[in-house]
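What follows is a set of notes on a single structure, which appears directly below.
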Amino acid sequence: MPLTALQVKSATPREKDYGLADGSGLFLWIRTEGGRSWRFRFRLDGKQSHISLGTLDKVTLAQARQLATEARQLVAQGKHPGQERQARRVQEAIARANTFKELALEWHEHKAPRWSKGYADDVMEALERDIFPHMGNLPLADIKPLQWLSTFRRIESRGALEILRKARQRCQEVYRYAIATGRAEYNPIADIGGALRPPTSKHYPFLPVTALPGLLRAIKACPGHDTVKLATRLLILTGVRTAELRGAPWAEFDFSNTLWTIPAERMKMRRPHLVPLSTQAMAALHELKTITGGYTLAFPGRNDPAKQMSEAAINQLLKRSGYDGKATGHGFRHTLSTTLHEQGYASEWIETQLAHVDKNTIRGTYNHAQYVDSRRGMLQWYADHLDSLMSKSETEKHV
């Protein structure tokens with residue numbers, strides 16, 4: 001006869017452990033020391049066995065009956081309910097361990113050998129800044145589209161739409177990796193695209209060369225670390241990519257031959273790049289040496305010298321200097337290219353300086369070596385031209 005709630009409540013210890021049967025294998029087990037728990041007795045493969053369904057203080061009579069029904073169904077299928085429960089717990093533990101951060105770190109380690117070191121560092125920095133604080137510790141299988149929408153809207157609210165685009169792209173790649181390796185079944189980010197603003201343009205703001213003196217004066221007057229200011233000056237003078245500059249160790253700079261050699265693994269196009277250095281660029285490097293010469297990296301991070309300068313450092317300096325939306329680190333490449341083309345320098349020299357890929361790989365390799373001296377003269381003219389514009393601008397200020 002089934003138990004009543006009153007019988008369950010009034011069940012008290014006796015001299016020996018005993019059970020009160022509810023029927024169909026379910027019973028309440030009362031121990032002499034006072035413990036009361038639900039058990040389900042069953043026979044499988046000719047053997048008698050039982051499993052615990054939880055203590056009375058956590059599992060009600062109705063809940064115990066539901067658990068017993070589920071266990072009875074497993075037995076009918078030839079499955080041991082205890083073993084099935086243990087397997088489920090293992091799977092749940094694995095799911096909890098498969099957090100987004102753990103999968104993202106594994107994905108990053110898998111992809112990094114095919115990236116330049118600078119790009120790999122930028123990807124990790126962006127994840128640590130915008131994604132991991134909000135989503136990193138959540139089990140991948142439990143994250144809902146609305147949670148991703150909330151995270152991405154934090155980036156969107158800053159107006160950083162290009163950063164948002166890259167963040168979505170990288171997080172979706174983590175999901176694709178997780179699905180391919182059996183740790184996820186679907187990608188919830190794919191469902192929220194229409195709820196976010198797309199980047200309005202892929203063009204980087206840039207200044208005409210005649211506006212650079214004003215920018216340089218504003219940067220000089222702006223409060224900020226001299227390392228970032230010198231990095232900005234070197235970007236202007238060399239036309240390299242921001243990531244290539246930020247990740248440069250001192251060992252890459254040949255002061256005797258005034259040449260900067262960037263190895264293939266740090267270049268976007270995976271080809272080594274030679275950068276001739278003008279006297280003005282060398283002066284900036286000598287000044288920088290007095291600040292960061294004791295570190296491996298020429299542009300170490302503010303909080304951790306073992307890491308490179310933040311991806312946002314230069315653009316933040318430009319923003320504080322009053323050039324938000326008018327100039328970017330990447331835009332200096334456009335300024336250099338436009339000015340040198342207008343001056344009549346050979347396109348091959350300029351494109352090689354910008355490390356753009358030559359469609360003919362053999363010719364590109366040959367040109368890479370052939371144009372060093374030509375590019376050295378070209379960059380020296382550009383640096384001198386900037387100095388001339390600066391002098392002219394200073395003169396006009398005092399007239």
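Side notes on the structure shown:
- Looking only at the range 62-78, and only at residues there that are over 24 Å from THR12 (Cβ atoms) and touching a Leu at 6+ places or on another chain (Cβ under 8 Å), the one that is surrounded by the fewest Cβ atoms within 10 Å (Cβ to Cβ): GLY78
- Scope the range 265-315; condition among the charged types (D, E, K, R), under 29 Å from the mean Cα position of the chain (by Cα) and open to solvent by 80 Å² or more (accessible area, probe 1.4 Å); matching residues: GLU265, LYS268, ARG270, ARG302, LYS307
- VAL59 vs. criteria in a helix (DSSP H, G or I) and open to solvent by less than 40 Å² (accessible area, probe 1.4 Å): no
- Taking each residue of the range 77-91 that is at pLDDT 80 or above and looking for partners that are assigned to a helix (DSSP H, G or I) with beta-carbon atoms closer than 8 Å, six or more apart or interchain, yields HIS80/LEU74; PRO81/GLU70; PRO81/ALA71; PRO81/LEU74; PRO81/VAL75.
- Index of the failed condition, ALA190 passing every other in (1) at pLDDT below 90; (2) outside any helix (DSSP H, G or I); (3) aliphatic (A, V, I, L, M): (2)
- Among the residues of the range 10-25, those that are charged (D, E, K, R) and surrounded by 10 or more Cβ atoms within 10 Å (Cβ to Cβ) comprise ARG14, ASP17, ASP22.
- Failed item in (1) open to solvent by less than 40 Å² (accessible area, probe 1.4 Å); (2) touching an Asp or Glu at 6+ places or on another chain (Cβ under 8 Å), with THR32 passing the rest: (1)
- HIS50 passes every criterion in (1) modelled with pLDDT of 90 or more; (2) open to solvent by 90 Å² or more (accessible area, probe 1.4 Å); (3) under 17 Å from GLY82 (Cα atoms) apart from (1).
Per-residue answers, yes or no, for (1) open to solvent by 20 Å² or more (accessible area, probe 1.4 Å); (2) within 21 Å of ALA120 (Cα to Cα); (3) in contact with a Gly (Cβ under 8 Å, 6 or more places away or on another chain):
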residue: GLU156; (1), (2), (3): yes, no, no
residue: LEU161; (1), (2), (3): no, yes, no
residue: CYS171; (1), (2), (3): no, yes, no
residue: VAL174; (1), (2), (3): no, yes, no
residue: ALA243; (1), (2), (3): yes, yes, yes
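- Qualifying residue in the range 204-227 (condition: open to solvent by less than 20 Å² (accessible area, probe 1.4 Å), closer than 21 Å to SER116 by Cα and aliphatic (A, V, I, L, M)): no
- Selection of the range 322-349 for residues being in a helix (DSSP H, G or I), surrounded by 14 or more Cβ atoms within 10 Å (Cβ to Cβ), without any contact (Cβ under 8 Å) to a residue 60 or more places away in the chain and not charged (D, E, K, R) yields LEU340, TRP349.
- Unique residue being in contact with a Pro (Cβ under 8 Å, 6 or more places away or on another chain) and within 28 Å of MET135 (Cα to Cα) when the list is ILE189, ILE179: ILE189
- Top-ranked residue in the range 226-280 [being of a type in the set (Val, Ile, Thr), modelled with pLDDT of 95 or more and assigned to a helix (DSSP H, G or I); ranked as nearest to THR335 (Cα to Cα)]: ILE236
- Filter pass, GLU185 being surrounded by fewer than 14 Cβ atoms within 10 Å (Cβ to Cβ), touching a Ser or Thr at 6+ places or on another chain (Cβ under 7 Å) and at pLDDT below 95: no
The values are calculated or read from the model by the stated rules, or taken from the named source; none is laboratory data. Model, not experiment: these values are computed from the prediction. Positions of Cβ are generated from backbone atoms using ideal geometry, with glycine treated the same way; all protein chains shown enter the neighbour counts. The area values use the complete protein model at the heavy-atom level, side chains included, leaving out ligands, DNA and RNA. Shrake-Rupley method; radii C 1.70, N 1.55, O 1.52, S 1.80 Å.
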